[in-house]
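Structure first, then comments.
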Amino acid sequence: NLWNKELSKIEVNSDDKNKLAIFYTALYHTMMQPNIAQDLDGKYRGMDNKIHTAEGFDYYTVFSLWDTFRAAHPLYTLIDKKRTSDYINTFIKQFEQGGRLPVWELASNETDCMIGYHSVSVIADAMAKGITGFDYEKAFEASKASATRDVLGLKAYKENGFISIDDDHESVSKTVEYAYDDWCIAQMAQILNKKEDYEYFMKRSQNWKNLFNYENGFIQPKKNGGWAKSFDPKEVNNNYTEGNGWQYTFFVPQDIPGMIDAFGGNKKFETKLDEMFNAESKTTGREQVDVTGLIG
């Protein structure tokens with residue numbers, strides 16, 4: 001009965017039993033995590049390793065946010081508003097007890113195994129859709145604090161507008177993903193009428209341009225203030241997070257018109273997309289088995 005209730009949140013019809021099985025298995029998979037991480041009386045172990053009691057919300061764990069901010073969490077904001085609110089209340093508690101929003105949290109521990117501060121994407125989406133049940137001001141404060149730290153390349157990012165190879169590993173991916181997250185924080189600031197914060201984070205959200213090479217049309221790494229030598233967009237290396245130059249060049253979800261302009265307009269942008277889809281699918285550089293179908 002419980003699973004029928006959850007899975008009937010989306011109803012699809014088809015004569016093809018296989019398609020139905022695939023769809024509902026996929027929907028089932030979206031509901032495997034995050035998991036409730038509290039006792040029946042609401043007690044849970046927090047980021048500070050102390051025991052707390054969740055009041056008015058369920059405390060969750062397993063926020064693999066780099067994997068889920070693009071599609072899973074936007075789905076939850078549509079079919080699971082109460083849980084979305086609980087997730088964000090959990091984020092806020094993790095900020096209060098651990099000093100920052102979760103990046104890739106597991107059992108009230110920060111694994112830091114991926115990049116970005118994509119909690120802010122989840123929060124902004126919920127605020128934009130008018131989901132209630134959490135403190136917007138506190139969520140914004142936590143987002144701003146997480147984005148203005150001096151770790152994981154953020155110091156260079158704030159000072160120079162990009163992260164270079166000299167500053168931190170996975171510098172390209174961090175730069176463009178931080179820029180998207182900053183746009184999310186700007187949207188929160190706009191909802192909360194914080195004009196200065198809105199302008200500051202909107203400006204930061206354009207930082208992707210600082211790694212965009214207008215000559216070859218790729219977002220690529222910098223070193224010693226200039227472009228890194230011997231750039232190959234097919235190469236899987238330490239400048240990108242589980243990806244390469246082809247894939248990350250198109251990571252500007254916060255400013256699609258701006259990205260098209262950078263390529264020189266619609267026609268040139270279309271040509272670039274065709275080039276990616278027609279490229280040979282074989283990558284170069286590091287062999288990484290979980291990176292497939294990036295190009296071609």
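The values are calculated or read from the model by the stated rules, or taken from the named source; none is laboratory data. Because the structure is predicted, anything quoted here is derived from the model rather than measured. Cβ coordinates were reconstructed from backbone atoms using ideal geometry, including for glycine residues, and neighbour counts include every protein chain displayed. Ligands, DNA and RNA are excluded from the accessible area calculation, which covers all protein heavy atoms including side chains. Shrake-Rupley method; radii C 1.70, N 1.55, O 1.52, S 1.80 Å.
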Does the stretch 136-163 hold any residues that are more than 14 Å from A189 (Cβ to Cβ), crowded, with 24+ Cβ neighbours inside 10 Å and of a type outside the set (F, W, Y), and which are they? I163
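Does at least one position in the stretch 199-222 carry a residue that is among the polar types (S, T, N, Q) and without any contact (Cβ under 8 Å) to a residue 24 or more places away in the chain?
Checking the stretch 199-222: at least one residue is among the polar types (S, T, N, Q) and without any contact (Cβ under 8 Å) to a residue 24 or more places away in the chain.
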Report whether or not K81 is modelled with pLDDT of 95 or more and more than 30 Å from P253 (Cα to Cα). no
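For the stretch 67-110, give me each residue that is within 30 Å of E11 (Cβ to Cβ), among the small types (G, A, S) and surrounded by fewer than 17 Cβ atoms within 10 Å (Cβ to Cβ).
Matches in the stretch 67-110: A71 only.
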Within the stretch 38-56, identify whether any single residue is basic (K, R), open to solvent by 30 Å² or more (accessible area, probe 1.4 Å) and within 19 Å of I131 (Cα to Cα), and answer yes or no. no
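Restricting the stretch 164-174 to residues that are in contact with a strand residue (DSSP E or B) (Cβ under 8 Å, 6 or more places away or on another chain) and either in contact (Cβ under 8 Å) with a residue 60 or more places away in the chain or among the aromatic types (F, W, Y) (or both), which is most open to solvent (accessible area, probe 1.4 Å)?
Ranking the candidates gives I165 first.
Have a look at K138, K144, K155 and point out the one that is of a type in the set (D, E, K, R), within 17 Å of the chain's Cα centre (by Cα) and modelled with pLDDT of 95 or more.
Going through K138, K144, K155 in turn, just one is of a type in the set (D, E, K, R), within 17 Å of the chain's Cα centre (by Cα) and modelled with pLDDT of 95 or more: K144.
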